[in-house]
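The structure appears right after this line, and notes come after that.
Each reported figure results from applying straightforward, stated rules to the coordinates on display, with no laboratory input. The shown structure was predicted, so the numbers you read here are calculated from the model rather than taken from an experiment. No Cβ is skipped: glycine too gets one built from the backbone with ideal geometry, and neighbour counts run over all protein chains shown.
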Amino acid sequence: MAEPPIYLDYHATTPVDPRVLKEMLPFFEADFGNAASRHAYGWRAEEAVQVARKRVAALIGAEAREIVFTSGATESDNLAIKGVFEACGGAGTHIVSARTEHSAVLDSLAEVEARGAQVTWVPVGPDGRVRIEDVEAALTEQTVLITLMAANNEVGTLHRVRKIGQLAEARGILFHTDAAQAVGRVPFDVRKDHVHLASLTAHKFYGPKGCGALYVRRRDPEVKITIQMHGGGHERGMRSGTSNVPGIVGLGMACELCRQEPGQEAERTARLRDRLEGALLERLDGVHVNGCREARLPGNLNVCFDGVDGESLLLALPDLALSTGSACHSDKVDPSHVLQAMGISRQLALAALRFGIGRPTTEAEVDRAADRVVEAVQALRTGR
Ligand SMILES: *Cc1c(COP(=O)(O)O)cnc(C)c1O
């Protein structure tokens with residue numbers, strides 16, 4: 001039987017850690033109660049939700065009451081951006097962001113733009129980073145929100161979140177960060193980083209899919225957002241809908257595991273990434289590493305290869321599960337919007353591969369992946 005492909009797409013999603021799954025299982029069966037019910041079953045579920053709330057808060061330096069559970073980072077981004085836009089007066093407000101954001105942020109911004117918001121796009125350098133001076137220069141009297149991601153999901157570039165937060169705070173502007181890739185991978189602390197709103201999602205750090213959170217600051221200052229989901233008033237009225245108790249329990253446990261093992265995993269995945277990067281650079285010419293070498297997610301490697309076609313490259317790598325620098329929009333292949341924003345040519349961007357190294361990745365897998373990529377690129381270049 002053929003071996004399954006080597007999974008190197010941990011920026012897309014991660015498997016549920018067995019310790020997380022174990023914690024979740026009772027809440028599908030014996031402890032199935034609705035956390036809003038006023039009886040023993042409900043109290044049991046509500047208690048578990050509160051434990052999870054504290055665990056999420058502890059990982060990111062927040063207070064438990066500042067955590068709003070959602071269905072994931074997409075919903076959190078929507079709630080933060082539309083919620084601030086509406087609460088701050090709607091049409092005529094000004095928002096600052098960058099073109100390298102995740103589509104959940106870009107499309108939420110397109111929606112508020114259609115409703116009368118002005119958006120200024122701060123340019124990113126070839127490393128995918130914004131300059132603080134450019135963010136500052138983009139601010140106006142009407143600016144209500146800066147939304148810039150903590151870590152990019154394609155090239156792994158880390159923005160200077162703390163500097164952006166300090167700037168926002170000094171100007172009395174709210175700062176939202178999509179921290180879906182940062183949480184659990186690099187240090188992230190909402191207080192130290194002066195963040196007002198932060199999106200995260202469990203399945204990016206070994207928790208279940210369909211469960212995430214929005215951090216909403218409750219003091220210095222208390223952030224007001226307009227709710228986007230009306231109903232029974234769950235989550236202090238900020239997000240109605242029966243709580244996804246097993247998912248929330250899993251999110252909490254995934255946070256707890258990341259908090260207990262800070263640094264170790266990052267060090268290990270960075271070492272494996274460097275090994276892979278080193279092997280490709282040593283054995284192949286015309287390899288370009290994308291992103292910011294000094295400030296990058298530890299398990300991220302995004303590379304382009306001269307003289308190969310992206311589609312052919314992926315087809316030549318059936319035993320690796322990874323992403324390319326392209327996205328298919330209704331049978332038209334577009335180069336990644338992130339690579340394009342960084343000034344990388346269309347042709348080169350189409351020949352990009354994104355490796356995401358994760359908790360289960362082994363040295364043997366990385367070595368095998370390097371062999372496969374080297375063989376495939378050499379074969380495509382020589383036309384054999
Ligand atoms: C994965 C991801 C999201 C979306 O998370 P969902 O759980 O799919 O809603 C948003 N932003 C970034 C940066 C991501 O990596």
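Residues whose amide H falls under 5 Å from that of ILE6, counting only those 5 or more places apart or on a different chain, are LEU320, ALA321, with hydrogens built in the peptide plane. Between TRP121, THR143, VAL249, the Cα set farthest toward the positive side of the dipole of region 18-260 (charges on each charged residue's Cβ, about the Cα centre) is that of VAL249.
Overall, region 213-298 carries a charge dipole of about 340 debye about its Cα centre when +1 sits on the Cβ of Lys and Arg and -1 on the Cβ of Asp and Glu, all other atoms neutral.
When Lys and Arg each count +1 and Asp and Glu each count -1, what net charge do the other residues less than 11 Å away from ALA270, Cβ to Cβ, add up to? List each step's numbers first, then the result.
Numbers: positive: ARG185, ARG268, ARG271, ARG273, ARG275, ARG296; negative: GLU265, GLU267, ASP274, GLU277.
Once positives and negatives cancel, what remains is +2.
Couplings 3J(HN,Hα) for region 225-230, derived from phi with the Karplus relation 6.51 cos²θ - 1.76 cosθ + 1.60 (θ = phi - 60°), are 10, 7, 5, 10, 10, 9 Hz, where x marks Gly and Pro. The residue list ALA351, LEU8, VAL287 was ranked by how far each Cα lies along the charge dipole of the chain toward its positive end, using unit charges on Cβ atoms, and LEU8 comes out on top. In the chain, inverting the average of 1/r over every pair of distinct C-alpha atoms gives 21.7 Å as the Kirkwood radius.
Nearest 500 deg cm²/dmol is fine: what mean residue ellipticity at 222 nm does the chain get from its DSSP H runs of n ≥ 4 alone, each adding -39,500 (n - 2.57), divided by its residue count? Each step should come with its number before you reach the end.
On the way: 12 runs with 145 residues, N = 384.
Calculated at 222 nm, the ellipticity per residue is -11500 deg cm²/dmol.
Each residue of region 27-43 was assigned a 3J(HN,Hα) from its phi angle through the Karplus curve 6.51 cos²θ - 1.76 cosθ + 1.60 (θ = phi - 60°); the sequence is 7, 8, 10, 4, 9, 7, x, 7, 4, 9, 6, 9, 7, 3, 5, x, 4 Hz, with glycine and proline shown as x. Can you give me the angle between helix 161-171 and the longest principal axis of the chain, using Cα atoms only, in degrees from 0 to 90, rounded to the nearest 10? Compared with the principal axis, the helix lies near 40 degrees.
Let me know the charge dipole size of the chain about its Cα centre in debye, to the nearest 20, where only the beta-carbon of Lys, Arg (+1) and Asp, Glu (-1) is charged.
Details: 44 positive and 50 negative charges, 173 e Å.
About 820 debye.
For LYS82, a cut-off of 15 angstrom between C-alpha atoms picks up these aspartates and glutamates, skipping any fewer than 8 places away in its own chain: ASP107, GLU111, GLU113, ASP178. Straight-line cross-link partners of LYS209 among the lysines, defined as a Cα under 21 Å from its Cα and at least 8 positions apart when in the same chain: LYS22, LYS54. Phi angles of region 348-354 translate, via the Karplus equation with coefficients 6.51, -1.76, 1.60 and θ = phi - 60°, into HN-Hα couplings of 5, 4, 6, 9, 9, 10, 10 Hz per residue; Gly and Pro are given as x. Simple spin-label estimate for ASN34 and ARG381 gives 6.3 nm between the two label positions (7 Å along the Cα-to-Cβ direction from each Cα). Residue order for HIS203, HIS230, HIS11, HIS288, fewest other beta carbons within 10 angstrom first, comes to HIS230, HIS288, HIS203, HIS11. Close amide H pairs (under 5 Å, H built 1.01 Å from N) link GLN118 with GLY92, THR93, HIS94, ILE95, residues at least 5 positions away or on another chain. Between the listed residues HIS196, ILE132, VAL374, the Cα displaced farthest toward the positive end of the dipole of the chain, a dipole computed from Cβ unit charges relative to the Cα centre, is found at HIS196. Amide H to amide H, with H built 1.01 Å from N, GLY212 comes under 5 Å of THR70, SER71, GLY72, ALA202, counting only residues 5 or more places away or on other chains. With contacts taken as Cα pairs under 8 Å at a separation of at least 6 residues, the chain carries a relative contact order of 22 percent.
Net charge in the neighbourhood of GLY156 (other residues with Cβ under 11 Å of its Cβ; Lys, Arg +1, Asp, Glu -1) is +3.
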